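Since every read-out is calculated from the coordinates, none of them should be taken as a lab result. Values in this document were obtained by computation on a predicted structure and should not be read as measured data. All Cβ positions, glycine included, derive from the backbone under ideal geometry; neighbour counts span all protein chains shown.
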Amino acid sequence: MDDAVKTSQGKIGITFADDTKVQVNENSKLVIDDFVYDPKKPAAGKLALNMASGTVRYASGAIAHSNPNKVAINTPTATIAVRGTDFTATVDELGASTIILLPSCPNGFADVKRDCKTGIIDVITDAGTVTLDQAFQATKVESRSQPPTKPVIINLSLDAMNNLLILTPPPELKKAQQEANKTTVSLLSQDFLKEADLGNVLADQQRQIFQNRLAQNFLEQDFLANILTMLNEQLQEDLKILNSTSGSLLPDYKASTGVKAYVDDLSVTLFRDDGSNKESISVNKNETATVYMTQGNMTIKNRVNSGSGTVITVKQN
């Protein structure tokens, strides 16, 4: 219970006692909320997983086969109801979820349609439910307040499904998302929104969300995989390390200078706001660099690692 599995440049395979199999791909995080299983009473078991970020593949075990209602699988934007099958779920940096139903195939299979079995899953949000019941059928969910997109079959091989090294969404899924967005825009353009001035409220909320994301240097691309995990608890842990060791990632770092440090799996970002000016510099986490941040009469120096490589100077007068 409450175990968390986080990957960077490798994959982890987990086989639970009921033979449920989970593969956690690169740059991903999975939280095991609960697991109870007695082989003598499989129907009394329960499993709860939270796919927090990145890409995770799931294959049902005895608990799902005996009592699917005892399996709870969640992403930040959707709940997945399993009826004994394989699927992958990918959560991007904004929390959107892409779910793909996969065939269950025996070792040495030759033909997916002939040799494999395909189960059924329901993808559920507060606004609606879609059912996936065909191999390689996919849907995408932007938020729990929106329904999942209409299911589409994507043209990808089983090997590609296993690896999911995809930098952009499949065209079939991207088209379905565009159609869903057009419907949403059409609904939001009705006169009743103008009466309540909800259009301005939504625009302000969107603007604030994107400002917050950009301040933390999230990637703008819509990645399906290789997603960076930037959760507040992890950032706090990184900052504890920075402040407690002299030979650490940022040996000169002092919070009292007003500089905020953001650390993820690949990069280090230094940010400072003096009230009228803002500076933000990002460097590779493995790089050796020295950063000089000047605002008015104050200059702050921070080394990344030993600081013997690149020199970066930013001035605001």
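Sorting Ser8, Ser280 by the number of Cβ atoms found within 10 Å of their own Cβ, with the fewest placed first, yields Ser8, Ser280. Full extension of the segment from Tyr292 to Gln316, taken as 0.36 nm per residue of separation minus the current Cα-Cα distance, would add 7.5 nm.
Place a +1 charge on the Cβ of each Lys and Arg in the range 37-118 and a -1 charge on the Cβ of each Asp and Glu, then give the dipole magnitude about the Cα centre in debye, rounded to the nearest 20. Charge dipole of the range 37-118: 420 debye, to the nearest 20.
Restricting everything to alpha-carbon atoms, can you work out Rg to Rh for the range 51-155 with a Kirkwood hydrodynamic radius?
Numbers: Rg = 13.4 Å, Rh = 13.9 Å.
The Rg/Rh ratio comes out at 0.97.
Among Tyr58, Tyr253, Tyr292, the order by Cβ neighbours within 10 angstrom, fewest to most, reads Tyr292, Tyr253, Tyr58.
Could you list Lys70, Lys21, Lys40, Lys113 in order of exposure, starting from the residue whose Cβ has the fewest other Cβ atoms within 10 Å?
Lys40, Lys113, Lys21, Lys70
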